[in-house]
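Data first, discussion second: the structure below is written as structure tokens.
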Amino acid sequence: MLNDTEGGRPHLQAFRAGLEDGLAGHLRDVPEDIGGSVTPRPEDSRTLSPMFSSGLIERPVSWVALAGFMGTGKSRIGWELSRALALHFVDTDKLITRVVGKSIPEVFAQEGEGYFRACEHEVVGRVTRLEHAVISLGGGTFIQEDNRRCLLERGPVVVLWATPETVYQRTKHSDRPLLRTEDPLERIRTLMDERAPVYQQGTIHVHSDGRPSEEIVEEIIDRLWSWADAQHAWALDHAALDHAAPDHTPGGESRASD
């Protein structure tokens with residue numbers, strides 16, 4: 001991790017100082033490059049309460065992050081998931097570019113990947129303190145151990161998957177720094193193979209190949225309900241065990257029958 005002066009790169013202190021204003025502006029924006037959102041269905045009580053219009057919303061979670069390789073659909077699915085659950089949406093890559101004032105390719109070229117990863121780490125620390133939010137992570141964010149631990153401790157992380165061929169088709173016209181190579185498809189295969197064991201540490205796994213976004217969002221919500229139910233059951237079981245455990249005095253004698 002870079003410090004504030006390493007290599008003559010811009011101070012991270014300046015990035016930290018601009019992060020709050022950048023986040024506030026980012027939360028107000030509607031993404032221009034993402035299509036229409038999913039319309040909440042009041043009749044689907046597992047998705048939203050019939051009281052949606054009054055603000056009384058039934059959700060499986062109030063915070064969730066989306067991870068996965070570039071081109072798997074994190075930005076679009078994250079946006080539509082946030083609309084379906086009536087939560088804020090944060091795209092960490094777009095937040096970084098807003099605060100730095102440069103595109104990600106420009107940051108990589110001018111400041112280096114290390115500086116970008118340091119900014120990314122600052123953003124993770126901030127968005128994990130948010131409430132009522134869907135977080136779309138950059139492709140490499142979850143790969144960093146500190147980021148991964150922080151995210152998984154905060155809440156569920158949904159990992160989106162797609163084949164290398166699908167990723168290539170979705171990204172071949174983009175200016176992705178990691179794909180500036182003579183054979184981008186092979187580069188994608190290599191990186192996906194390297195990262196797969198780390199992505200497997202996510203909470204929920206969903207494939208996005210050849211599927212409409214509405215279907216993917218519906219699956220994510222259903223699986224978040226299952227995850228939330230399991231978490232609730234686990235908490236009840238442990239509470240029952242704690243309640244049933246006998247109380248012991250410092251001398252070791254049980255007071256369960258007192």
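Side notes on the structure shown:
- Any hit, region 37-60, residues being at negative phi, surrounded by fewer than 19 Cβ atoms within 10 Å (Cβ to Cβ), modelled with pLDDT of 80 or more and among the acidic types (Asp, Glu): yes
- Considering the conditions (1) open to solvent by 20 Å² or more (accessible area, probe 1.4 Å); (2) in contact with a Gly (Cβ under 6 Å, 6 or more places away or on another chain), residue 83 is excluded by exactly one of them, (2).
- Selection count, region 130-143, where residues are surrounded by fewer than 17 Cβ atoms within 10 Å (Cβ to Cβ) and on the phi < 0 side of the Ramachandran plot: 1
- When residue 223 is tested against (1) more than 27 Å from residue 103 (Cα to Cα); (2) touching a Pro at 6+ places or on another chain (Cβ under 6 Å), just one condition goes unmet, and that condition is (2).
- Residues satisfying the stated conditions in region 86-106, i.e. of a type outside the set (A, V, I, L, M, F, W, C), in contact (Cβ under 8 Å) with a residue 40 or more places away in the chain and open to solvent by 10 Å² or more (accessible area, probe 1.4 Å): 88, 93, 94, 98, 103, 105
- Number of the exception - residue 111 against (1) at pLDDT 95 or above; (2) on the phi < 0 side of the Ramachandran plot: (1)
- Region 115-129, subset touching a residue at least 40 places away in the same chain (Cβ under 8 Å) and over 12 Å from the mean Cα position of the chain (by Cα), residue surrounded by the most Cβ atoms within 10 Å (Cβ to Cβ): 119
- Of residues in region 150-204 being of a type in the set (Lys, Arg) and either surrounded by fewer than 17 Cβ atoms within 10 Å (Cβ to Cβ) or in contact (Cβ under 8 Å) with a residue 60 or more places away in the chain (or both), the one nearest to residue 125 (Cα to Cα): 154
- Hey, residue 240 at pLDDT below 95, surrounded by 10 or more Cβ atoms within 10 Å (Cβ to Cβ) and either over 17 Å from residue 158 (Cα atoms) or not small (Gly, Ala, Ser) (or both) or not: yes
The values are calculated or read from the model by the stated rules, or taken from the named source; none is laboratory data. Since this is a predicted model, take the numbers as computed values, not measurements. As a convention, Cβ positions derive from the backbone with ideal geometry for all residues, glycine included, and neighbour counts pool all protein chains shown. Only protein heavy atoms, including side chains, enter the accessible area calculation; ligands, DNA and RNA are left aside. Shrake-Rupley method; radii C 1.70, N 1.55, O 1.52, S 1.80 Å.
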